[in-house]
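Some notes on the structure that comes next.
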Amino acid sequence: MRTGTRDRYWLGVIGCAWAATLLVSAPASAQDSGGSPEKWQIEVTPYFFAAGFDGTAGVNGVTSNVHMGVGDVLDRLDGAFMGMVEMRKGPWSLVFDGGYMHLKEEASKTWSGPGGIGTSTGELTADATEEIYGLYVGHRIDQGASRVDFFGGLRFTRIETHLDLVSSTGGPLPGATNSVSDEQSWFDPIIGFRIIVPFAEQWSAVGYADIGGFGVGSVLTSQSLIGVNWELTKTFVAKLGYRYLYQNYDNNDFTWDMLTSGPYLGVGIRF
């Protein structure tokens, strides 16, 4: 194991250990000053992330540049669901965030084979399925009216990609075929924080950022968002903002170096 890889590996191990320590410590800390357990607060948020893609996807040595705006994604969207569940007890929280998206027939005008050989100006279409699920433990620190949450946990990613050569000036894909496909899945240790700042009655600004991978799964992954929450009632909260997700994963003949970004819109339901 090379030195850089070893360093990233141990950073990931430390991140996982920190998340596990938070999880183990939570039951002992989730009591109020009178010693009685506090009630669980639960918020379920179905949302839609209108994402665009910008980066490189590679399968079996064939790489293709991907540039899809939000409009392109909506035109080619074949199915999607996203949602978040946050359970809170005292200063501790457990958060699940998951999403599924299937895109079809995205075209790329250039592609290259292994080592850059076989570059073509023909059309390569791609079908892609992306699933991302995260489970995080958080600890809250109140700063006056503002709230700060620190998180640690794991994010699971599954990518399935199918590339189909429609026409080409550079010959067939490797193996004398016109299509290649592959599927990869991996776990990333994640650490991050969230800030919630009320700025008007029923309105709050929200900022979030995390980083992870460290060579355990991805070489690097990071996510950030900025948005606003509007408390419609004690039960319903409207959420709007902009979100970025970057993933750099490279394993043998599979590459996913992608920035996913766009607006999100959701409604939180509190129990």
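Just a few scattered comments:
- Converting phi to 3J(HN,Hα) with the Karplus coefficients 6.51, -1.76 and 1.60 and the offset θ = phi - 60°, region 47-52 yields 8, 10, 9, 7, 8, x Hz in sequence order, with x at every glycine or proline.
- Fewest neighbouring Cβ atoms within 10 Å first, the residues Tyr136, Tyr100 line up as Tyr100, Tyr136.
- At R0 = 22 Å, FRET efficiency that the Cβ-Cβ distance of Asp142 and Ile42 yields, to 0.05: 0.65
- Virtual spin-label span in nm between Arg158 and Trp203, 7 Å along Cα→Cβ: 4.1
- Cut-off under 5 Å, modelled amide H: who pairs with Glu38 long-range: Asp32
- Between Val70 and Phe271, the contour length at 0.36 nm per residue exceeds the alpha carbon distance by 69.1 nm.
- Each peptide in 224-237, 185-198 receives the mean, over its residues, of other Cβ atoms within 10 Å, and ordering these scores from highest gives 185-198, 224-237.
Only the coordinates and a few stated rules stand behind these numbers; no lab work does. Here the structure is a predicted model, which means the values were calculated and not measured. A quick note on method: Cβ atoms are made from the backbone with ideal geometry, for glycine too, and the neighbour counts reach across all protein chains shown.
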